[in-house]
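A.B. asks: Shown below is the structure under consideration.
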Amino acid sequence: MSDFSNCRAVFIDIDDTILDFDAYVRHALEKGFEKFGLPPFTDEYMEIFTRENDLVWQELEEGKIDYAQLMDRRFNRVFRAMGLECDGHAFEKYFRSGIYNFALPVDGAYDLLKYLSSKYIVCAASNGPYNQQLHRLELADMKKYFTHLFISEDIGWAKPARQFYDKAMEILDSGIENDEIVAIGDSVTSDMTGAWNSGMKTILFNKYGKYTEKVFEGKRRPDAIAPSLESIKEIL
């Protein structure tokens, strides 16, 4: 494990790191299928949504599309893969309105944020609409723990683009060097890669054991891997 003793600030992801996005998605899709007169929602549909949603977010992370295009395409693409007829734009509007008012904390999130904010400058680092992410943090009573909210819509770039981190560092403007920052998140492609490319330290929140050791064979590993949010306090 790397030495984190020089760290002075934390960049922490929001969705599926401190707020449980997965829990909302399943609930929203089940209710949405009922609302739009679609067949009963199944595990197979969940797998298709997860695959297609991951692919479209990957396109965003690679800079191939912007956030508006992601919102425009996502559910039309999902329903096409499911073989279902549905107005993807209308479903997207329903889905986004639900996300706006959903803020279920991941187990251990409050304790971790309280701990981190007592030792470091804590900054959110998230892809998504600024007002949505701000509102959800306020609903969850988490905003008080953050010094800065670095959200892709406001920053103008999405993780893992180097420009996202460059702009965040410009706003931070605290004399803190990149290698004095630790990035915490649940995604290797978004949270870890972007931080690595910016010279930051990294802690992967390996939620549900998503990443196995095989994933890192011949590839760069995070500086630390945490199986729970609680365990991050033992690392920092």
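A.B. asks: Extending each Cα 7 Å along its Cβ direction at LYS93 and GLU170, get the distance between those two points in nm, one decimal.
C.D. replies: 3.5
A.B. asks: Multiplying the sequence separation of ARG26 and THR189 by 0.36 nm and subtracting their Cα-Cα distance, what value in nm do you get?
C.D. replies: On the way: separation 163, 0.36 × 163 = 58.68 nm, distance 2.27 nm.
Net length gain for the segment: 56.4 nm.
A.B. asks: Rounded to the nearest 500, what is the chain's calculated 222 nm mean residue ellipticity when only DSSP H runs of at least 4 contribute -39500 (n - 2.57) each, over all residues? Display every interim value, and only then the final one.
C.D. replies: Numbers: 10 runs with 109 residues, N = 236.
Value at 222 nm, helices only: -14000 deg cm²/dmol.
A.B. asks: Multiply the residue gap between MET46 and LYS144 by 0.36 nm, knock off their C-alpha separation, and tell me the result in nm, one decimal place. Before the final figure, lay out each step's value.
C.D. replies: Numbers: separation 98, 0.36 × 98 = 35.28 nm, distance 3.40 nm.
That pair, MET46 and LYS144, stretches by 31.9 nm at full extension.
A.B. asks: Collect residues whose amide H, placed 1.01 Å from N in the peptide plane, falls under 5 Å from the amide H of THR202; neighbours closer than 5 in sequence don't count.
C.D. replies: ALA183, ASP223, ALA224
A.B. asks: Oh, and also: Need one number: nm distance between label points at THR212 and GLN69, each 7 Å from Cα along Cα→Cβ, rounded to one decimal.
C.D. replies: Roughly 3.5 nm, to one decimal.
A.B. asks: Taking the Cα of LEU55, stepping 7 Å toward and past its beta carbon, and measuring to each backbone N in the range 65-83: which are under 18 Å?
C.D. replies: Counting backbone N atoms under 18 Å from the label point, the list is 65-66, 69-83.
A.B. asks: Shifting gears a bit: Calculate, for LEU84 and ARG220, the FRET efficiency according to 1/(1 + (r/R0)^6) with r their C-beta to C-beta distance and R0 41 Å; round to the nearest 0.05. Can you show the working numbers first?
C.D. replies: On the way: r = 39 Å, r/R0 = 0.96.
The computed FRET efficiency comes out at 0.55.
A.B. asks: Here's a follow-up. Can you compute the modelled spin-label distance between TYR130 and LYS233, with each label point 7 Å from Cα toward Cβ, in nm?
C.D. replies: Distance between label points: 3.3 nm.
A.B. asks: Another question about this same structure. Quick one: of the DSSP bridges fully inside the chain, what percent are antiparallel, nearest 5?
C.D. replies: Around 5 percent antiparallel, to the nearest 5.
Any read-out appearing in this document is the output of simple, stated calculations on the displayed coordinates, not a laboratory observation. No experiment lies behind these values; they were computed from the predicted model shown. Neighbour counts are summed over all protein chains in view; Cβ atoms, including those assigned to glycine, are modelled from backbone coordinates with ideal geometry.
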